[in-house]
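Visitor: Quick one: structure below, then a few questions.
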Amino acid sequence: MHPAFLYLPGARFSIAELSAARIDGHVVEVGDAYVPADLVEGPDVRASALAALVRPGTAASGPTAAWIHGAGDAPPAVHHVKRAVDRRLRPHTSARLVFHDTLLAASDLQLIGGIPVSTPVRTMLDLATGLHRDPRMLPWMNLLADLDPQLPSEAATRLGGMRRVPGSRVGTAALERLAVRTR
């Protein structure tokens, strides 16, 4: 997506101007940004809207990546990022951002809208293994499975080949239930 179509509050227009344009039907909100009302809201638009939250060296993950891939209409209230570089990072967090200090392999990343995002299978895997800590991951799993019914079984197979993963028992059970539901 061309940056000219992305309006961040305070950059070219104030929040008041963007709100007035939204009321008039000229722009719509996508995440933290505004885009022209006739622009198709695809993964690149969603990712670009969150580019300010995803700092260099990190990648969108969990519910944030699920939303970018097309799950759900509204973005999550709290965004998740993971480390995407070998070195340790000093996280820039806020009440709206959770930083997970586990490395995402290059094979688990894809570039969407100029930011690194975990692949759909890795996103499903992260949602499943995070379910034991946060049950709010389940709706995101359901929405992501609605986009691609093969994701739960692919993530379950991958999780079965991993060793000593926290939350793997709860995650495997949820993925198996989801795989049966989406068949």
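Visitor: In the list ASP146, ASP134, ASP108, which residue meets the criterion of being within 14 Å of the chain's Cα centre (by Cα), among the charged types (D, E, K, R) and within 21 Å of ALA60 (Cβ to Cβ)?
Guide: Answer to the selection: ASP108.
Visitor: Quick check on region 88-105: of everything there that is part of a loop (DSSP other than H, G, I, E, B) and farther than 23 Å from VAL165 by Cβ, which residue is farthest from the chain's Cα centre (by Cα)?
Guide: Result: ARG90.
Visitor: For region 29-77, what are the residues that are part of a strand (DSSP E or B) and under 14 Å from the mean Cα position of the chain (by Cα)?
Guide: Within region 29-77, VAL30, THR58, ALA59, ALA60, SER61 qualify.
Visitor: Those residues that are surrounded by 15 or more Cβ atoms within 10 Å (Cβ to Cβ) and either without any contact (Cβ under 8 Å) to a residue 24 or more places away in the chain or touching a helix residue (DSSP H, G or I) at 6+ places or on another chain (Cβ under 7 Å) (or both), I need them from region 159-183; list them, please.
Guide: At the first step, the residues of region 159-183 found to be surrounded by 15 or more Cβ atoms within 10 Å (Cβ to Cβ) are 159, 167-168, 170-172, 174-175, 178-179, 182.
Those that are surrounded by 15 or more Cβ atoms within 10 Å (Cβ to Cβ) and either without any contact (Cβ under 8 Å) to a residue 24 or more places away in the chain or touching a helix residue (DSSP H, G or I) at 6+ places or on another chain (Cβ under 7 Å) (or both): LEU159, GLY167, SER168, GLY171, THR172, ALA174, LEU175, LEU178, ALA179, THR182.
Visitor: Can you find even one residue in region 65-77 that is more than 18 Å from LEU127 (Cβ to Cβ) and surrounded by 23 or more Cβ atoms within 10 Å (Cβ to Cβ)? Full working, then the answer.
Guide: So the first thing to find is which residues in region 65-77 are more than 18 Å from LEU127 (Cβ to Cβ), and the list is none.
The answer is no; no qualifying residue exists.
Visitor: Test each condition in (1) free of Cβ contacts under 8 Å to residues at least 12 places away in the same chain; (2) loosely packed, with under 14 Cβ neighbours inside 10 Å; (3) farther than 24 Å from PRO120 by Cα for ALA37 and report the one that comes out false.
Guide: Of the numbered conditions (1) free of Cβ contacts under 8 Å to residues at least 12 places away in the same chain; (2) loosely packed, with under 14 Cβ neighbours inside 10 Å; (3) farther than 24 Å from PRO120 by Cα, the odd one out for ALA37 is (1).
Visitor: Continuing with the same structure: Quick one: in region 1-28, which of the residues that are in a loop (DSSP other than H, G, I, E, B) and not hydrophobic (A, V, I, L, M, F, W, C) is farthest from THR64 (Cα to Cα)?
Guide: Out of the qualifying residues, it is ASP24.
Visitor: Which pairs do you get when a residue that is at negative phi, found in region 112-136, comes within reach of a residue that is acidic (Asp, Glu) and crowded, with 20+ Cβ neighbours inside 10 Å, reach meaning Cβ atoms under 6 angstrom, with the pair 6+ apart or on two chains?
Guide: As it stands, the answer is SER118/ASP108; THR119/ASP108; ARG122/ASP108, since those pairs meet every condition given.
Visitor: Another one. For region 20-44, give me the residue count where each residue is among the small types (Gly, Ala, Ser) and either in contact with a Pro (Cβ under 9 Å, 6 or more places away or on another chain) or closer than 11 Å to PHE5 by Cα (or both). Give the steps one after another, and end with the answer.
Guide: Step one: list which residues in region 20-44 are among the small types (Gly, Ala, Ser), which gives 20-21, 25, 31, 33, 37, 42.
Right, trim to either in contact with a Pro (Cβ under 9 Å, 6 or more places away or on another chain) or closer than 11 Å to PHE5 by Cα (or both) and you get 31, 33, 37.
Number of matching residues: 3.
Visitor: Can you confirm whether VAL27 is buried (at least 19 other Cβ atoms within 10 Å of the Cβ), of a type outside the set (Asp, Glu), out of contact with any Leu (no Cβ under 6 Å at 6 or more places or on another chain) and farther than 24 Å from LEU143 by Cβ?
Guide: So VAL27 fits the description; yes.
Visitor: When you go through (1) under 21 Å from MET162 (Cα atoms); (2) assigned to a loop (DSSP other than H, G, I, E, B) one by one for ALA128, which number turns out not to apply?
Guide: The single condition ALA128 does not satisfy is (2).
Okay, residues lined up against (1) more than 16 Å from ARG158 (Cα to Cα); (2) touching a Phe, Trp or Tyr at 6+ places or on another chain (Cβ under 7 Å); (3) modelled with pLDDT under 90:
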| position | (1), (2), (3) |
| --- | --- |
| PRO75 | yes, yes, no |
| VAL78 | yes, no, no |
| ARG83 | yes, no, no |
| HIS100 | yes, no, no |
| GLY113 | yes, no, no |
| VAL121 | no, no, no |
| ASP126 | no, no, no |
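Visitor: Still on this model: Residues in region 4-18: is at least one under 23 Å from the mean Cα position of the chain (by Cα), among the acidic types (Asp, Glu) and surrounded by 14 or more Cβ atoms within 10 Å (Cβ to Cβ)?
Guide: Scanning region 4-18, I find no residue that is under 23 Å from the mean Cα position of the chain (by Cα), among the acidic types (Asp, Glu) and surrounded by 14 or more Cβ atoms within 10 Å (Cβ to Cβ), so the answer is no.
The values are calculated or read from the model by the stated rules, or taken from the named source; none is laboratory data. Being a predicted model, the structure only gives us computed values, none of them experimental. Backbone-built Cβ (ideal geometry, glycine too); neighbour counts: all protein chains shown.
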